[in-house]
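One structure is given here, and the rest of the page talks about it.
The values are calculated or read from the model by the stated rules, or taken from the named source; none is laboratory data. Everything quoted here is computed from the prediction, not taken from an experiment. Backbone-built Cβ (ideal geometry, glycine too); neighbour counts: all protein chains shown. Keep in mind that these areas ignore ligands, DNA and RNA; they rest on the heavy atoms of the full protein, side chains included. Shrake-Rupley method; radii C 1.70, N 1.55, O 1.52, S 1.80 Å.
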Amino acid sequence: MTDNRPALSLNQEFLCSLDHGETAGALSQWYTITYGLRLRGTLDVGALSAALDDVVARHEILRTTLRKDDDGWHQHLHPPGPVSLQVRDVASAASADSADRAAYDLLDEIEAEPFSHREVPLLRAVLGRLGADDHVLALRTHHVASDAWSMQVIIADLAACYAARAAGRAPGLPGATQYREFAAWQRAKEESWSGVASRHWRERLLGARLHTLAADRVLPEGAADPYSVYRFVIGRELAQAAGQVARTARSSLFVVLLATYNLLASQLTGETDLVVPTFTAGRNEPRFAGVVGPLYNLLPIRTDLGGCRSFADVIARTRASCLQAYANDIPFPLIQAQAGDLMEPCGDDHLAVSAFEMLPPPAPAGSALAGYGRAGDIRYSELRGSRTSVPVGASTPKGMLWAVDHLRSGELAGLIRFSRDRFDEGTLAGIAAQYCRLLSASVAEPTAQLVTS
């Protein structure tokens, strides 16, 4: 018999600690994830609806709510139920470019809609008709029930279930590992993590504070905190040059981009000892690769730029910091417990903690998590990156998020998610332009003497 009140994971406990109601924080109606798929071919809407229901029945976390009572927070598991699938007619597109624009416009519109974590299922879908055999499917979840990796799992399962339903049969997927199993495993590991890894973080983060940027304005107490996204593009030639520098430095493109951000942060704040949070998948245990839920982990990367004479030095310092952090990747609440002052800047309304991440590149064709492929007679592909500066709803509790995404064109799509009531868009546009200039100059001459201003 399934326990309908399984224990919280450490990740869920951390999210609950950021509860500020429906308008701000990790449990707000804006802390969501929206993915878009372009569907081409003759679509069976009934089969799609049934496949969405199959996915929710398969993954318990998509029908699990977080509740607080006298005993604190706990999970409450609900029985399977129908997924909301709205069908909308999108304006007829006269060209491929206008159809693409209409698809992205629909995603923007959906992403800005509120989504309560209290209403199950925590998966919703909107189907936009672009033409007789051309659709865009928006899949949306609340972040308390998923993460970026989970969305790829959902897409893969949805494709398999749709193919079965369209063929008139029930899906034959093997049983899924559930998020509650991950939570139980994580709790069982707490004691072992409290040893060497915890000591590492206690020493590594001694006296550290999370990196912050000064906000343009302070929100009134209790005010809603809606978020926007500023998007920019790193051109193909610059992306290739950064990749070449990464290979020469025996590093990764992510490290080179984070090193550039460290330089930018130092220029903006005047600080050389920086703690920039990034994210890991939190799936070091292979059996949880197919689990849907918030497994992602916040990992603080502390890099001291003091004494760095060139960008090559900054890359080397950043690489060493990343390797140390990844080797001690334990749940962030356990890290936080070893560095009591780390989160102190979060209490200053004039400051915004700034995190940096790089999204994984598109998986190769044939991969279970490729983001594109076939589902029955339908060809589907994930919509990535191409939007410019648009208002959206997805929030980033306690700060802003920088993210870089790979585009199939070879370009990189930069994204800054920020509070539109705390920051002017012009401020973010200026910072993004400064980042691109710094990246260009740094990879052109990585051994040149650093300019301090």
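For R140, indicate whether it is assigned to a strand (DSSP E or B) and either of a type in the set (A, V, I, L, M) or open to solvent by 30 Å² or more (accessible area, probe 1.4 Å) (or both).
Values: assigned to a strand (DSSP E or B): yes; either of a type in the set (A, V, I, L, M) or open to solvent by 30 Å² or more (accessible area, probe 1.4 Å) (or both): no.
For R140, the condition - assigned to a strand (DSSP E or B) and either of a type in the set (A, V, I, L, M) or open to solvent by 30 Å² or more (accessible area, probe 1.4 Å) (or both) - is not met.
If you go through the stretch 314-326, how many residues are touching a residue at least 60 places away in the same chain (Cβ under 8 Å) and open to solvent by 30 Å² or more (accessible area, probe 1.4 Å)?
Result for the stretch 314-326: 3.
Any chance you could count how many residues in the stretch 227-271 are of a type in the set (V, I, T), open to solvent by 40 Å² or more (accessible area, probe 1.4 Å) and either over 26 Å from D424 (Cα atoms) or assigned to a helix (DSSP H, G or I) (or both)?
Initial filter on the stretch 227-271 (of a type in the set (V, I, T)): 229, 233-234, 245, 248, 255-256, 260, 269.
Filter once more, so that each one left must be open to solvent by 40 Å² or more (accessible area, probe 1.4 Å): 233, 248, 269.
Filter again for either over 26 Å from D424 (Cα atoms) or assigned to a helix (DSSP H, G or I) (or both), leaving 248, 269.
Matching residues across the stretch 227-271 total 2.
Just one of A289, A265, A242, A281 is among the small types (G, A, S) and out of contact with any strand residue (DSSP E or B) (no Cβ under 9 Å at 6 or more places or on another chain); which is it?
When all the criteria are applied, what remains is A289.
Scan the stretch 416-441 residue by residue and report those that are under 19 Å from V255 (Cβ atoms) and open to solvent by 20 Å² or more (accessible area, probe 1.4 Å). Don't jump to the end; show me each part of the working.
First pass over the stretch 416-441, keeping only residues under 19 Å from V255 (Cβ atoms): 435-436, 438-441.
Result: C436, L438, S440, A441.
Between a first residue in the stretch 186-199 that is under 23 Å from G293 (Cα atoms) and modelled with pLDDT of 85 or more and a second residue that is of a type in the set (G, A, S) and open to solvent by 40 Å² or more (accessible area, probe 1.4 Å), which pairs have beta carbons less than 9 Å apart while being 6 or more apart in sequence or on different chains?
Between residues of the stretch 186-199 that are under 23 Å from G293 (Cα atoms) and modelled with pLDDT of 85 or more and residues that are of a type in the set (G, A, S) and open to solvent by 40 Å² or more (accessible area, probe 1.4 Å), the close pairs are R187/A7.
Look at V87 and say whether it is closer than 22 Å to T42 by Cβ, of a type in the set (A, V, I, L, M, F, W, C) and loosely packed, with under 14 Cβ neighbours inside 10 Å.
Working: closer than 22 Å to T42 by Cβ: yes; of a type in the set (A, V, I, L, M, F, W, C): yes; loosely packed, with under 14 Cβ neighbours inside 10 Å: yes.
It is true that V87 is closer than 22 Å to T42 by Cβ, of a type in the set (A, V, I, L, M, F, W, C) and loosely packed, with under 14 Cβ neighbours inside 10 Å.
Which count do you get for residues in the stretch 278-331 that are of a type in the set (F, W, Y) and part of a helix (DSSP H, G or I)?
Of the stretch 278-331, the ones of a type in the set (F, W, Y) are 279, 288, 296, 311, 326.
Checking the rest, the ones that are also part of a helix (DSSP H, G or I) come to 288, 311, 326.
Total meeting the criteria: 3.
Answer with yes or no whether D100 is modelled with pLDDT of 85 or more, surrounded by 16 or more Cβ atoms within 10 Å (Cβ to Cβ) and either among the small types (G, A, S) or within 22 Å of I155 (Cα to Cα) (or both). Walk me through how you get there before you give the answer.
Numbers: modelled with pLDDT of 85 or more: no; surrounded by 16 or more Cβ atoms within 10 Å (Cβ to Cβ): yes; either among the small types (G, A, S) or within 22 Å of I155 (Cα to Cα) (or both): yes.
For D100, the condition - modelled with pLDDT of 85 or more, surrounded by 16 or more Cβ atoms within 10 Å (Cβ to Cβ) and either among the small types (G, A, S) or within 22 Å of I155 (Cα to Cα) (or both) - is not met.
Counting just the residues of the stretch 196-210 that are part of a loop (DSSP other than H, G, I, E, B) and open to solvent by less than 20 Å² (accessible area, probe 1.4 Å), which one comes out nearest to N262 (Cα to Cα)? Full working, then the answer.
So in the stretch 196-210, the residues part of a loop (DSSP other than H, G, I, E, B) come out as 205-210.
Those still in the list that are open to solvent by less than 20 Å² (accessible area, probe 1.4 Å) too: 205, 208, 210.
Working: L205: 17, A208: 15, L210: 13 Å.
The selected residue is L210.
How about the stretch 103-137: which of its residues are open to solvent by 60 Å² or more (accessible area, probe 1.4 Å) and of a type in the set (A, V, I, L, M, F, W, C)?
A132
I'm trying to understand the selection: among the residues of the stretch 12-51, which are among the hydrophobic types (A, V, I, L, M, F, W, C) and under 27 Å from H74 (Cβ atoms)?
Of everything in the stretch 12-51, those that are among the hydrophobic types (A, V, I, L, M, F, W, C) and under 27 Å from H74 (Cβ atoms) turn out to be F14, L15, C16, L18, A24, A26, L27, W30, I33.
Please go through the stretch 225-273 and pick out each residue that is among the β-branched types (V, I, T) and under 30 Å from I110 (Cβ atoms).
First, the residues of the stretch 225-273 that are among the β-branched types (V, I, T): 229, 233-234, 245, 248, 255-256, 260, 269, 272.
Residues satisfying the conditions are V229, V233, I234.
Looking for something β-branched (V, I, T) and in contact with a helix residue (DSSP H, G or I) (Cβ under 7 Å, 6 or more places away or on another chain) - is there at least one such residue anywhere in the stretch 57-69? Spell out how you get there, then give the answer.
At the first step, the residues of the stretch 57-69 found to be β-branched (V, I, T) are 61, 64-65.
Checking which are in contact with a helix residue (DSSP H, G or I) (Cβ under 7 Å, 6 or more places away or on another chain) leaves us with 61.
Looking for residues that are β-branched (V, I, T) and in contact with a helix residue (DSSP H, G or I) (Cβ under 7 Å, 6 or more places away or on another chain), one finds at least one in the stretch 57-69, hence yes.
Within the stretch 49-77, work out how many residues are surrounded by 23 or more Cβ atoms within 10 Å (Cβ to Cβ) and either small (G, A, S) or without any contact (Cβ under 8 Å) to a residue 24 or more places away in the chain (or both).
Residues in the stretch 49-77 being surrounded by 23 or more Cβ atoms within 10 Å (Cβ to Cβ) and either small (G, A, S) or without any contact (Cβ under 8 Å) to a residue 24 or more places away in the chain (or both): 1 in total.
Say we look at the stretch 12-24 and pick out the residues that are outside any helix (DSSP H, G or I) and not hydrophobic (A, V, I, L, M, F, W, C); which of these is surrounded by the most Cβ atoms within 10 Å (Cβ to Cβ)?
If we filter the stretch 12-24 for residues that are outside any helix (DSSP H, G or I), which is where we start, we get 18-24.
Now drop any that are not not hydrophobic (A, V, I, L, M, F, W, C), which leaves 19-23.
Values: D19: 17, H20: 15, G21: 11, E22: 15, T23: 15.
Among those that are outside any helix (DSSP H, G or I) and not hydrophobic (A, V, I, L, M, F, W, C), it is D19.
Scanning the stretch 165-188 for residues that are of a type in the set (D, E, K, R) and surrounded by fewer than 15 Cβ atoms within 10 Å (Cβ to Cβ), which turns out nearest to L77 (Cα to Cα)?
Narrowing the stretch 165-188 to residues of a type in the set (D, E, K, R): 165, 169, 180-181, 187.
With the extra rule that they be surrounded by fewer than 15 Cβ atoms within 10 Å (Cβ to Cβ), the set shrinks to 169, 187.
Working: R169: 27, R187: 19 Å.
For the stretch 165-188, the residue satisfying everything is R187.
Can you name the residue in the stretch 25-40 that is open to solvent by 20 Å² or more (accessible area, probe 1.4 Å) and part of a loop (DSSP other than H, G, I, E, B) and, of all such residues, is modelled with the lowest pLDDT?
If we take residues in the stretch 25-40 being open to solvent by 20 Å² or more (accessible area, probe 1.4 Å) and part of a loop (DSSP other than H, G, I, E, B), then W30 is modelled with the lowest pLDDT.
Condition check: under 15 Å from M400 (Cα atoms) and touching a His at 6+ places or on another chain (Cβ under 9 Å). Does A239 satisfy that?
Numbers: under 15 Å from M400 (Cα atoms): no; touching a His at 6+ places or on another chain (Cβ under 9 Å): yes.
So A239 does not fit the description; no.
Hey, could you check the stretch 211-226 for residues that are modelled with pLDDT of 85 or more, open to solvent by less than 50 Å² (accessible area, probe 1.4 Å) and part of a loop (DSSP other than H, G, I, E, B) and say which is nearest to Q29 (Cα to Cα)? Explain how you work it out, then say what you get.
Kept after step one, since they are modelled with pLDDT of 85 or more, are these residues of the stretch 211-226: 211-218.
This time we only want the ones that are open to solvent by less than 50 Å² (accessible area, probe 1.4 Å), so: 211-213, 215.
Still in the list and also part of a loop (DSSP other than H, G, I, E, B): 211, 215.
On the way: H211: 26, A215: 23 Å.
Result: A215.
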